[in-house]
Amino acid sequence: MWRWTLIYDGQCDFCRRQVEIALRWDVNRRIDAVPFQAADLGRYGVSRDAAQDAMHVVAPSGTVWRGAAAARELSRLIPRTRLVSWLFAMPGAMIVAERTYRKIARRRHRLGCESAACRRGAA
């Protein structure tokens with residue numbers, strides 16, 4: 001496996017739109033995107049519950065990142081966002097990034113998501 005794998009909620013319109021943008025900006029074609037509903041999650045060591053809660057990025061080496069850490073890795077991979085990836089290295093940035101990621105993930109039902117995970121977070 002030489003490509004990176006992005007695991008996301010394929011039933012979430014908000015998530016799908018973000019993945020479409022990432023893939024469009026991935027001019028080097030380094031990323032494969034797969035909805036967690038169709039992924040062999042065991043292959044990556046990712047549980048279904050974890051996949052419902054956050055996106056995951058899997059490196060060719062097998063290393064797995066989730067949530068804001070996955071977003072950080074994507075920003076490093078995509079040429080168009082690479083210049084801002086340094087923001088994640090600032091002191092405290094990952095704490096803020098993870099809180100922001102969680103806040104958006106919990107509210108994605110308001111952003112066009114119809115998946116079970118989004119409806120669960122709407123309560």
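Contact annotation: residue pairs with Cβ atoms under 8 Å, 6 or more positions apart or on different chains, pairing a residue in the range 82-94 that is closer than 20 Å to Asp26 by Cβ and in a helix (DSSP H, G or I) with a partner that is open to solvent by 90 Å² or more (accessible area, probe 1.4 Å) and at pLDDT 85 or above, are Arg82/Arg76; Ser85/Arg76.
For the range 1-42, which residues satisfy the criterion of being of a type in the set (Ser, Thr, Tyr) and over 17 Å from Arg108 (Cα atoms)?
Step one: of the range 1-42, the residues of a type in the set (Ser, Thr, Tyr) are 5, 8.
Correct list: Thr5 only.
Among the candidates Ala68, Ala39, which residue alone is under 22 Å from Arg3 (Cα atoms), outside any helix (DSSP H, G or I) and among the small types (Gly, Ala, Ser)? Step by step, each of Ala68, Ala39 is checked, and only Ala39 is under 22 Å from Arg3 (Cα atoms), outside any helix (DSSP H, G or I) and among the small types (Gly, Ala, Ser).
Taking the range 1-26 as the range and being within 10 Å of the chain's Cα centre (by Cα) and open to solvent by 30 Å² or more (accessible area, probe 1.4 Å) as the test, the residues that pass are Tyr8, Gln18. Restricting attention to the range 51-75, the residues that are under 19 Å from Leu87 (Cα atoms) and open to solvent by 40 Å² or more (accessible area, probe 1.4 Å) add up to 3.
Of all residues in the range 27-50, none satisfies the criterion of being surrounded by 15 or more Cβ atoms within 10 Å (Cβ to Cβ), in contact (Cβ under 8 Å) with a residue 40 or more places away in the chain and more than 15 Å from Ala70 (Cα to Cα).
The values are calculated or read from the model by the stated rules, or taken from the named source; none is laboratory data. Just so it is clear, the model here is predicted, and its values are computed rather than measured. Cβ sites come from the backbone with ideal geometry, for glycine too, and all protein chains shown count toward neighbours. Ligands, DNA and RNA are stripped out before the accessible areas are found, and what is left, the full protein with its side chains, is counted by its heavy atoms. Shrake-Rupley method; radii C 1.70, N 1.55, O 1.52, S 1.80 Å.
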